[in-house]
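Note sheet for the following structure.
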Amino acid sequence: MKIDDVCRGRILLVDDSPEVLEVFSLCLEEAGYKVSSASNGVSALYAAKLSKPDAIILDLWMSQLGGMELAGLLKGDAHLASVPLGLITAAVGILPKLVTSSFAAVMAKPCRLDDLLSMADSLMAKRGQVGLKS
């Protein structure tokens with residue numbers, strides 16, 4: 001992102017795949033988002049508490065603390081409960097169930113990069129809404 005560019009929002013990206021983090025980060029940064037990343041749920045929880053991002057996009061299956069557990073901890077934290085969560089997962093069979101839980105947006109992996117950007121835009125539109133999909 002160039003210094004002259006306007007930041008569209010701060011996103012915390014959480015995935016245990018370094019390749020996914022790299023590609024998704026580059027895509028979001030090119031679109032004007034400020035991106036921080038974490039490779040597991042424990043690091044993500046710490047990063048979220050430290051920086052309170054505008055939105056969090058995470059994977060479901062991760063070491064140390066999975067996406068569902070992380071979502072529960074984030075939604076249970078008074079300072080982070082209103083941060084919208086997006087889930088990108090290869091576990092396609094459980095997507096309909098997850099849409100009605102803690103996630104404002106859910107997408108199957110692999111995904112197209114323009115779909116990732118659409119998710120980020122959707123999450124930004126929902127930031128700060130208390131009680132979002134809890």
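Brief remarks follow.
- Toward the positive end of the charge dipole of the stretch 9-125, with +1 on the Cβ of Lys and Arg and -1 on the Cβ of Asp and Glu, the farthest Cα among L26, L117, V106 is that of V106.
- Distant-in-sequence amide contacts of S37, defined by a placed amide H-H separation under 5 Å and a gap of 5 or more residues or a different chain, comprise L13.
- Cα shape, the stretch 9-125, gyration tensor, a/c 1.5 rule: rounded
- The amide H of L65, built 1.01 Å from its N in the peptide plane, has G41, V42 as neighbours under 5 Å, considering only residues 5 or more places off or on other chains.
Values in this text are rule-based calculations from the coordinates and carry no lab data. Because the structure is a prediction, the values reported are computed rather than measured. Glycine gets a Cβ as well: all are built from the backbone with ideal geometry, and neighbour counts include every protein chain shown.
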